[in-house]
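Peer 1: Have a look at this one.
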Amino acid sequence: MKLTSRKLPTFGEQRRAGRQNDRLQAPAMRSRYADVAKLQIDLNFAGMSRPPPSPQSHSYYPPARAFFRFACPCSECDGEFDLSASVAALAEMKQPSARTASGRLGCEGMHFRERATAAPCPMVLSWRLVLVRAD
Ligand SMILES: [Zn+2]
Ligand SMILES: [Zn+2]
């Protein structure tokens, strides 16, 4: 009988598992951002990959977890994009008219981290937040 030895998890797998765990620990939108009825996050990626990764759109309602970290869609990459601070900045603005924010973020992940040819990931995220406040 041959025993298959479990391969050690890669850095990327560990990072994904960590992110999953952090999502489960995150507070609900209704407790973290009580006056937000809906938050929409649109993600558009540009990088070296052909075809470029599909755009993503995420909607958060009050029962959803207030968790705003997204894995880089690049297959060799262990990076993530963290919009937590941008969401907090928009949600905490006192003007009721403050409803949208947008910006760009470069990926901080590495390709082939365990090899000598490690190179930074060229993926760039353009993000947009649309916030609907509760009355
Ligand atoms: Zn990346
Ligand atoms: Zn990449």
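The values are calculated or read from the model by the stated rules, or taken from the named source; none is laboratory data. These numbers were taken from a predicted model, which means no experiment stands behind them. Cβ placement follows ideal geometry from the backbone for every residue including glycine, while neighbour counts extend to all protein chains displayed.
Peer 1: Checking the conditions here, which among Met48, Met110, Met29 is among the aliphatic types (A, V, I, L, M), surrounded by 13 or more Cβ atoms within 10 Å (Cβ to Cβ) and within 16 Å of ligand 1 (Cβ to nearest atom)?
Peer 2: On the way: Met48 fails: surrounded by 13 or more Cβ atoms within 10 Å (Cβ to Cβ); Met29 fails: within 16 Å of ligand 1 (Cβ to nearest atom).
Met110 is the lone residue from the list that is among the aliphatic types (A, V, I, L, M), surrounded by 13 or more Cβ atoms within 10 Å (Cβ to Cβ) and within 16 Å of ligand 1 (Cβ to nearest atom).
Peer 1: Could you tell me how many of the residues in segment 60-97 are of a type in the set (A, V, I, L, M) and within 16 Å of ligand 2 (Cβ to nearest atom)?
Peer 2: Let us first name the residues in segment 60-97 that are of a type in the set (A, V, I, L, M), namely 64, 66, 71, 83, 85, 87-91, 93.
Restricting the remaining residues to those that are within 16 Å of ligand 2 (Cβ to nearest atom) gives 71.
Of the residues in that region, 1 qualify.
So that you can scan it fast, the table gives a plain yes or no per residue for (1) surrounded by 16 or more Cβ atoms within 10 Å (Cβ to Cβ); (2) among the small types (Gly, Ala, Ser); (3) near ligand 1 (Cβ under 9 Å from one of its atoms):
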residue	(1), (2), (3)
Tyr60	yes, no, no
Cys72	yes, no, yes
Cys77	yes, no, yes
Val87	yes, no, no
Leu90	yes, no, no
Ala98	no, yes, no
Ser102	no, yes, no
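Peer 1: Those residues that are within 16 Å of ligand 2 (Cβ to nearest atom) and either assigned to a loop (DSSP other than H, G, I, E, B) or at pLDDT below 90 (or both), I need them from segment 98-109; list them, please. Steps first, answer last, please.
Peer 2: At the first step, the residues of segment 98-109 found to be within 16 Å of ligand 2 (Cβ to nearest atom) are 104-109.
The answer is Cys107, Glu108, Gly109.
Peer 1: Related question: Among the numbered criteria (1) exposed (fewer than 15 other Cβ atoms within 10 Å of the Cβ); (2) within 24 Å of Asp42 (Cβ to Cβ), which one does Val130 miss?
Peer 2: Result: Val130 fails condition (1) only.
Peer 1: To continue, here is another question. Just for segment 110-130: of the residues that are under 17 Å from the mean Cα position of the chain (by Cα) and not in a loop (DSSP other than H, G, I, E, B), which one is farthest from ligand 2 (Cβ to nearest atom)? Walk me through it before giving the result.
Peer 2: Here is the first cut: in segment 110-130, the ones under 17 Å from the mean Cα position of the chain (by Cα) are 110, 121-130.
Now restrict to residues that are not in a loop (DSSP other than H, G, I, E, B): 110, 124-130.
Working: Met110: 9, Val124: 10, Leu125: 11, Ser126: 16, Trp127: 17, Arg128: 21, Leu129: 24, Val130: 27 Å.
The extreme case among them is Val130.
Peer 1: Can you tell me which of (1) out of contact with any Asp or Glu (no Cβ under 7 Å at 6 or more places or on another chain); (2) away from ligand 2 (no atom under 16 Å from the Cβ) is the one Ser57 doesn't meet?
Peer 2: Here Ser57 clears every test but (1).
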